[in-house]
1. Over the Cα atoms of segment 232-343, compute the convex hull volume and normalise it per residue, giving Å³.
2. Given segment 39-165, what percent of its DSSP beta bridges are antiparallel, to the nearest 5?
3. Ignoring trypsin sites (Lys or Arg not before Pro) that are buried or in helix or strand per DSSP, and keeping those with at most 14 other beta carbon atoms within 10 Å, what is the longest stretch of the chain between them?
4. Kindly write out, for segment 141-152 in residue order, the coupling ³J(HN,Hα) from the Karplus curve 6.51 cos²θ - 1.76 cosθ + 1.60 (θ = phi - 60°), rounded to whole Hz, with x marking Gly and Pro.
5. So if the hydrodynamic radius of segment 340-542 is defined as the Kirkwood radius over C-alpha pairs, what does Stokes-Einstein give as its diffusion coefficient at 25 °C and 0.890 mPa s, in µm² per second?
6. Taking loop as defined by DSSP and a crowding limit of 16 other beta carbons within 10 Å, which GluC sites (Glu not before Pro) in segment 289-375 fit?
7. Provide, as a two-decimal number, the C-alpha radius of gyration of segment 88-199 over 2.2 N^0.38 Å, N being how many residues it has.
8. If amide hydrogens are placed 1.01 Å from N in the peptide plane, which non-local residues have theirs closer than 5 Å to the one on I499?
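No lab work stands behind these numbers, since they all come straight from the coordinates. What you are looking at is a predicted structure, and each value in this text was computed from that prediction instead of being measured. Glycine also receives a Cβ, built like all others from the backbone with ideal geometry; neighbour counts cover every protein chain displayed.
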Amino acid sequence: MGRHADPTAPRRSVPLRLIAAGVVAVLLVVGGLVWWLTAAEACETRRTVGVTVAPELGGLVEELLADPIELDGGVCALADVTAREPLQTVGDLAALEADALPDVWVPDPSLWVARAGDAPLETVGSMATSPVVLATSRDAVESLGWTASAPGWGQALAGQQALAVPDLATSAEGLSALSAVRTALGGGEDADNAVVQAVLAAARGPVVSPSEALAAGMAGGAEAPLVPVSEQEVYAANRDAENSSLVAVYPGEGSPSLDYPVVRVGSAGEEDAAAAATAEVLTSEAARKATHDAGFRDQDGSAPPDAGEDTGIQEAAPSALRLDPAGVQTLVARLSSLAAPSRILAAFDVSASMEASVGNGTRATLARDAAKATLSLVPGDFALGLWTFAYQLDAGQDWVELVPTRELDADVGGRPQREVLDEQLDSIPGRLTPGGTGLYDTTLDAVRAAREDYDPTAVNSVLVLTDGTNEDDDAGIALDQLLQTLRSEANPERPIKVIGVALGPDADLEALEQIAEATGGAAYSAVDPGDLRTVLFDALRQRG
């Protein structure tokens, strides 16, 4: 038989805390059931809103949009959040049908919106801002003398300190930093050349990824590279680390800013209302507080909590450096030409006129020094060769090959090609020879040699530097014959551009311009001593 309770046995009292706990549990269950029933009743129809955001905002946006957003008529908006690099979304906007695109897009800066072309986009607000800074170690800042006085963008990226350049195709920070150099220097040729120097300096040095550069900055040491990042990334890295040495450098001209625009992508009807409500959440006070707590600045520039030495960022907002979207587009196109390596055969004039005095030296020493300075910045996958020319230098030939064209990292008898070139450039002032200048014969032979040695993976060109005119009319080819031959021998599958550099007032710039036009190249005049290095950098920028 079953067991029964003894009615005469004393009863045990239930502790009050257990009764209270039971009541709370019941209330939670009932409350949850009521919420579920209410939500189910409110959300008779659910509209999914595609939301694509910059990766650093992915987790934060997912939290903000975790719950359904109630609309009128029993409709709810449910966000489907994807963290994605903005460049991929730019590509999608140009290639995909409307139903495959996000409804709301939050890239890091508005520059991406400008690059989206004719896509139906409407910016309705901003989630946060974060200035673009240069991150490195405190030791590096002190060693560079930047503690008391901030450098300019051009000075900071001129190559004195190693630079970790992010992928410029996808990194708004890297592109903004280089655009800042151009903007701070006023745009134009000098500014473009400064950008080229920065890019080539970074490529010339050890390959350091942005994450490695940040790690080096956190570890400390005067050799820590500079890396363009958002201020928020410095804040977040230091917040999650102990004894970090990472600091943000704010260049003197001000900083461009990542403004995280909330962008509506064209839609209509009920989906439009759902997207509008979703965008409203992303620009709400709750979103402002969440981004502020995560290390972003408010729209008015207010610093995130605890900004100061421990977080590696300053409390005061840097002055705004505004970038021109059209100028950024132009810069993107120019920088893309640097992606392919160059293959250049350089021919330097060594006629007696190169001994003319210039500044503290001669035209020959000026050419040598400018070439060596340029060589120091060129990355190792560039290929360079060197000729000298004058008049009948070698058995009736106007030119002599000093170094065959090879990649600068190539091994040449146990030494790199770069070192061999550097040594031969040093010898140019001692190679000057009396007599005239076989400019036209040398140019034609150099183009033919470059075509024979063509590399389809590179930009192939001939660089001719001279301070005079052709003085080989009797025994050599005339200008009209040269131009006709260059055009008739041109091979679209092996294009060779001639870059002519006229050094000094006596050089035949007009002839170099005609030669450049016949080959799709360019001609430059370097009259003042300070012009030549700028011209060589500009030749690299224009080579593509």
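1. Values: hull volume 21.8 nm³, N = 112.
In segment 232-343, the Cα hull volume divided by residue count equals 194 Å³.
2. 15 percent
3. 13-321
4. Couplings: 4, 5, 5, 7, x, 9, 5, 8, 9, 6, x, x Hz.
5. So the translational diffusion coefficient is about 147 µm²/s.
6. Working: sites: E309, E315, E355; in loops: E315.
Loop-located and lightly packed - E315.
7. Numbers: Rg = 17.5 Å, N = 112, 2.2 N^0.38 = 13.2 Å.
Computed over Cα atoms of segment 88-199, the ratio equals 1.32.
8. V462, L463, V464, A522
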